[in-house]
1. Just checking, which of Glu128, Glu70, Glu132, Glu95 is in the same structural domain as Thr282 (by TED's automatic domain parsing) and either free of Cβ contacts under 8 Å to residues at least 60 places away in the same chain or within 16 Å of the ligand (Cβ to nearest atom) (or both)?
2. Among the helices (runs of 4 or more DSSP H) contained in the stretch 292-379, which hold 1 or more residues that are touching a Gly at 6+ places or on another chain (Cβ under 6 Å) and closer than 18 Å to Asn422 by Cα?
3. Within the stretch 228-243, work out how many residues are of a type outside the set (A, V, I, L, M, F, W, C), surrounded by 24 or more Cβ atoms within 10 Å (Cβ to Cβ) and over 9 Å from the mean Cα position of the chain (by Cα).
4. Among the residues of the stretch 328-353, count how many are among the hydrophobic types (A, V, I, L, M, F, W, C) and surrounded by fewer than 17 Cβ atoms within 10 Å (Cβ to Cβ).
5. Assuming Pro110 fulfils every condition listed in (1) surrounded by fewer than 14 Cβ atoms within 10 Å (Cβ to Cβ); (2) of a type outside the set (Val, Ile, Thr); (3) in a helix (DSSP H, G or I) apart from one, which condition is it?
6. Of all residues in the stretch 189-204 being more than 18 Å from Val162 (Cβ to Cβ) and at pLDDT below 95, which is surrounded by the fewest Cβ atoms within 10 Å (Cβ to Cβ)?
7. Would you say Gly209 is within 16 Å of the ligand (Cβ to nearest atom), assigned by TED's automatic domain parsing to the domain that holds Trp93 and either at pLDDT below 95 or closer than 30 Å to Asn420 by Cα (or both)?
8. One residue is enough: does the stretch 45-64 have a residue meeting the conditions more than 26 Å from the chain's Cα centre (by Cα), over 30 Å from Ala418 (Cα atoms), of a type in the set (A, V, I, L, M, F, W, C) and surrounded by 17 or more Cβ atoms within 10 Å (Cβ to Cβ)?
Amino acid sequence: PSRHEISYFGAGPAPLPTPVVEAAGQAFVNFNDSGLGLGEISHRSPTANKILDDTKAHLTALLDIPDNYEILFMQGGGSGEFSAVVQNLVPVWIERRRRRAEADLTRANPDADKSQIDELVFQRLQKEVDGELKLDYLVTGSWSLKASQEAARLLGSKYVNVAVDARKANGGKFGKIPAEDTWSLTPTKGEGGKGSAFVYMCDNETVDGVEFPAFPKALEPQGQDAEDERLVVSDMSSNFISRKVDVSKYAVIFGGAQKNIGVTGITIVIVRKDLLPPQTATPPPALLHRLNIGGLPGPVVLDYATIAKNNSLYNTLPIFNLWVAGKVMGDLMDIFGAQKVGGQEKIADQKAELIYGVLDKYPQVYQVVPDKTVRSRMNICFRVCGGDDAKEKEFIAGAEKRSLQGLKGHRSVGGMRASNYNAVPLENVQKLVKYLEDFASGH
Ligand code: PLP
């Protein structure tokens, strides 16, 4: 079949807009009549630099990214960022503490020389790391769970505070986000505590179909003091550029490209500049070695400061993949103009409502997995006839006959999943809705 005959609802890699795929084919063979394809040119060439600048500009415009944020293009996927956020933000916590300890101890010991102060600082830091270092994780689905497990693997589980485990209040399964007043976040200074290194959340849980409806109130900025602030890290791999985001509320936003942005191979990171040198220098590597915290300092290719200093060209960046991401974003800007990502948001909402609408219409046949309040607009997870194996197989087989593909749920949870990313056309959603109607009336 041709691509026009297929309606693809895969969760990632996921469909790309057909005009982008067609232009990418040409760009891979002969980019802008240069005689070379984008997989062949140097990442340090003027052409590559222009692609990098344009992609940053499109993303900045789409999401209204403030000046005090840096955009990084990395590799290693969403999973690489599970490690990277630990590797980059724990040193920020240590460095802030180190500076404070140095100031306090210099004042208290006016006759001590630098090496004596350094030793006192080290001893205090060792105690603080041991007793006070905490990373808060909101575990609302399979991917935030994985991220929390990676933090525990790198640092040790005693440093990981699972502030919410959404399975607990929901019969051992993901599908709800417990009320914020039940979360056990590490208290900030204003709350009588000392705060965590960061709070981690996954904005949209791809496997479980759970999306935060809005930015959590509990994470809103509280005061000016660094110890009053919660540094919020958000994994937006599967809902990137699908709705408006107030970037200023986050320390780090990241996402792999293979859902809404482009092809696998690029990871986008948006990071607040004051978390990078020179505003917050990373602590001396020798100090990190001596503190002996697992995973630190960590691989240089995951070091935000290094990637930022080199304009994402510390090592070879896949320029073809970058171009695809830039093209997707540039086309969105062309389509939506002043509405920016808000224009895309309206369409995503409309498509999701169509699908949930028909699922809710036949509760005997279809059961949406997550709670109504946290239903993902991007990954619509449901069961057929209560999860009856034969009926679910029949559903998939019938869908395949109509060239509706990629509807099987993640292998870890089973059931159905219709992924409704930006590049899924309205008409494909309408075809799915028609099938859902027809299947339901036959049962
Ligand atoms: N985070 C989310 C929300 C995801 O959906 C995925 C993959 O599907 C990942 C992280 C992991 O991404 P990667 O496979 O690029 O490491």
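The values are calculated or read from the model by the stated rules, or taken from the named source; none is laboratory data. Note that this is a predicted model, so its numbers are computed, not measured. Ideal geometry is used to build each Cβ from the backbone, glycine not excepted, and the neighbour counts take in all protein chains shown.
1. Values: Glu70 fails: either free of Cβ contacts under 8 Å to residues at least 60 places away in the same chain or within 16 Å of the ligand (Cβ to nearest atom) (or both); Glu132 fails: either free of Cβ contacts under 8 Å to residues at least 60 places away in the same chain or within 16 Å of the ligand (Cβ to nearest atom) (or both); Glu95 fails: either free of Cβ contacts under 8 Å to residues at least 60 places away in the same chain or within 16 Å of the ligand (Cβ to nearest atom) (or both).
The conditions single out Glu128.
2. On the way: elements: 304-309, 319-336, 341-361.
So the answer is 319-336.
3. Of the residues in the stretch 228-243, 1 are of a type outside the set (A, V, I, L, M, F, W, C), surrounded by 24 or more Cβ atoms within 10 Å (Cβ to Cβ) and over 9 Å from the mean Cα position of the chain (by Cα).
4. Residues meeting the conditions: 2.
5. Only one criterion is unmet by Pro110, namely (3).
6. Gly192
7. Working: within 16 Å of the ligand (Cβ to nearest atom): yes; assigned by TED's automatic domain parsing to the domain that holds Trp93: yes; either at pLDDT below 95 or closer than 30 Å to Asn420 by Cα (or both): yes.
Here the answer is yes, as Gly209 does meet what is asked.
8. Within the stretch 45-64, not a single residue is more than 26 Å from the chain's Cα centre (by Cα), over 30 Å from Ala418 (Cα atoms), of a type in the set (A, V, I, L, M, F, W, C) and surrounded by 17 or more Cβ atoms within 10 Å (Cβ to Cβ).
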